[in-house]
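The structure under discussion appears below in the form of structure tokens.
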Amino acid sequence: SDNSDKSSAESDSETEVERLSVYHKLLATLKTSPESESEEEEDESESEEGGESEAEMNSEGSQEAGETGGGEEDKNDVPEQEEATEAAEQTLDQEQADGADTSCDPSQGVIEEFTDVKHESEFSLETNFMEEESGDCSADKRDGNSAQAFSEDPFKQHMDKELEEKEVEKLSTLPKTSSQSKWPRLGQLTFSSTLEKHKTLKADKEVDVKQLYLHKPLESTWPKVNKQFLSSVNKPSDPFFTPLQRELFYVMNTYRDLFYPERNALTNGEEIRHAYCLHALNHILKANAQVLSNNAKRRDKKPGPDSDDYRDQGLTRPKVLMIVPFRECALRIVHLFISLLEVNDKRKIDVSNKKRFKGEFGSDPEEKPPNLKRPEDYEAVFAGNIDDHFRIGVAILQKSMRLYAPFYSSDVIIASPLGMRTIIGAEGEKKRDFDFLSSIEILIIDQADIYLMQNWEHVLHLMKHLNLLPLDSHGIDFSRVRMQNLNNWSKYYRQTLLFSALQDPHINSVFNKHCFNYVGQVAVRNVPLSGSISHVVVQLPHVFRRLDAETVTSVIDTRFQFFINKVLPEYRDAIMSHTLIYVPSYFDYVRLRNYFKKEDLNFTHICEYTKKAGVCRARRSFLKGEKQFLLFTERFHFYKRYTIKGIRNLIFYELPTYSHFYSEICNMMKATDSGVDATWTCTVLYSKYDAQKLAAVVGIDRTAQMLQSKKNVHLFVTGEN
């Protein structure tokens, strides 16, 4: 592009041509919208069609691609998958480590690396002053002269506190103490902290907007932006927040870490997005206003020794990192920022590169096939542009916003885990960069459950590279850097906001092991009273078979041995035909598939890498009874939601990650035209380490009984109970 980064111009033309062709070859297997596929794909005509996996089956973002022999899926798939893996590795090595977003124009096959360098001076915090900002910002400056108001601001209280070495030692060595509290909307909360025991927060029924210390423009713009969620239920005295938003923002505004595992794309997803965008923008505007104000003070000050009064920055400029799964999520966040900054229709803010951003992050409604029918939650999650490889820097000042800002000139970075992984790189790679993560003050991870379906390793890789000392100074004025950043204590000041649709050990581990906030943590810990088994509408017996494993690490091998020695022999008889085996982990799927091949069992298999034609053949042969077993991965169901017809016997090799998948799979049996209801069976394998998943399926009361009992549990569920 005309405004491409300097580093992109350094590569010679021949290398660039090779790079384009290799990367385009990889992206050719990835599309940005579901294909038009009806539920009648098992027909003969469609089964002969070729085709490739759709965009949701991103080989880049897949859970264990390239590590477990995923290329074994079909003989015909081997060359293509190996080629894609090699191309991915070459692409990672060739990525530009300068914060430029890498995107592809599918129509021309051109990769564009674009970073906005034209507006550098306009958005520089070093060369701008408070007087150049709007009247609202000047008013904010006047308010800041009040010592009392300034000291009570949660932003100032959190960022200006100077920890002592003894306190830092406690944070890194001592365990956390916790307390419980119940709030009207969030429910059961767990407060934990390592330092002195903080007072347990109590939710305010009414919110005084002045006590929230919102930056001036947000006081007037927030009610308008959030009006769509407010109903007549809300009291006139609280025209700002829904009950959920009020309690969430109250916790956010104390700068505690927050884990909320009840995010639902259908119901409260956008409510939550609005709340954390308000908090992030409020933080950015306050931080930038402080820097610009101090710039003016330093300019007007008489020459002399520098004072520590002006320490108002980190080692690098990015303050907020937002991790979201798809480009559509980034699009909505940027639109929210714009709406929150525009005071009225007459005062539109200047947004640079807005047209380009809409083209790369937006989607064409006509691209979606009209005959594609999927559950409502699927439509909500996969709305818009579902590309999962992106990153973009955004710089914000009171009157303007700069999209595609270089990372070191950005205030907020919005990215997917894969987008972060490709720029952070791995040890030993020549071109990698993670210095821009050194001074992140707010980390927001939204829809964390989706990353379990993409590649959780990318999230862990990101967490390991947060708040490290940078390898280069990047032109920073060290006299303006806060002492906690110079002491490499910035991780103790970082606030982490984690939102998920479920509780999972992997997500819990990130919150417990990678969050070090000195203020403490708040986690929502509600237990499900009734499980998803109550939504099963077909009458069938559910047999829960417990396996005993001594440790968490031994569960995988114990489950495999339990299955092949005790469960599978019962289903080898021809009378137990039409058996679907639901496997959440791709590792387990590969292991079972290899075992079935070795034992020469009559089976077929479907996973996220299976081509469209292979899926059609497998579904047809399973429906007709030509194949006795069907191995079926959870990720395929997550991304496709096909109805598998012909199921008479169902085996859950492990409890599903999403509890509603349990009832969805069971209810597929009603799609079977032939067969007697009494012959249907459902068997579930579980261990004591599956307590959270088990509670989500059968409810907390039954879970307690099942974990205490050593015997198998038989449940018979009808449409009424």
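The values are calculated or read from the model by the stated rules, or taken from the named source; none is laboratory data. All figures in this text were calculated on a predicted structure; none of them were measured in a lab. Please note: Cβ atoms are built from the backbone with ideal geometry, for glycine as well, and neighbour counts cover all protein chains shown. Remember, those area values only see protein heavy atoms, side chains included, never the ligands or the DNA or RNA. Shrake-Rupley method; radii C 1.70, N 1.55, O 1.52, S 1.80 Å.
Inside segment 215-231, residues that are assigned to a loop (DSSP other than H, G, I, E, B) and small (Gly, Ala, Ser) make up a count of 1.
Looking at segment 532-545 only, could you name the residues that are under 14 Å from Ile651 (Cα atoms) and crowded, with 20+ Cβ neighbours inside 10 Å? Leu540, His542, Phe544 - these are the residues of segment 532-545 that are under 14 Å from Ile651 (Cα atoms) and crowded, with 20+ Cβ neighbours inside 10 Å. The residues on offer are Phe603, Phe596, Phe560, and the sole one that is free of Cβ contacts under 8 Å to residues at least 40 places away in the same chain and surrounded by fewer than 19 Cβ atoms within 10 Å (Cβ to Cβ) is Phe560.
Residue count for segment 317-326 satisfying the condition of being touching an Asp or Glu at 6+ places or on another chain (Cβ under 6 Å) and open to solvent by 10 Å² or more (accessible area, probe 1.4 Å): 1.
Against the list (1) assigned by the TED database to the domain that holds Ile700; (2) of a type in the set (A, V, I, L, M, F, W, C); (3) out of contact with any helix residue (DSSP H, G or I) (no Cβ under 7 Å at 6 or more places or on another chain), the condition Cys607 fails is (3). Criterion applied to Asn487, Asn508 was being over 22 Å from Gln313 (Cβ atoms) and open to solvent by 10 Å² or more (accessible area, probe 1.4 Å), and the one residue passing it is Asn508.
Here is a yes/no grid of residues against (1) of a type outside the set (A, V, I, L, M); (2) free of Cβ contacts under 8 Å to residues at least 12 places away in the same chain:
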{"residue": "Ser231", "(1), (2)": "yes, yes"}
{"residue": "Leu248", "(1), (2)": "no, no"}
{"residue": "Pro261", "(1), (2)": "yes, no"}
{"residue": "Asn268", "(1), (2)": "yes, no"}
{"residue": "Ile272", "(1), (2)": "no, no"}
{"residue": "His279", "(1), (2)": "yes, no"}
{"residue": "Ile284", "(1), (2)": "no, no"}
{"residue": "Arg298", "(1), (2)": "yes, no"}
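Residue check: is Ser339 in contact with a Leu (Cβ under 7 Å, 6 or more places away or on another chain), surrounded by fewer than 20 Cβ atoms within 10 Å (Cβ to Cβ) and among the polar types (S, T, N, Q)? The answer is no for Ser339. Regarding Leu248, is this residue open to solvent by 60 Å² or more (accessible area, probe 1.4 Å), at pLDDT 90 or above and hydrophobic (A, V, I, L, M, F, W, C)? Taking the combined requirement at face value, the residue does not satisfy it. Inspection of segment 430-452 finds a residue satisfying the criterion of being open to solvent by less than 20 Å² (accessible area, probe 1.4 Å), closer than 24 Å to Phe638 by Cα and assigned to a loop (DSSP other than H, G, I, E, B).
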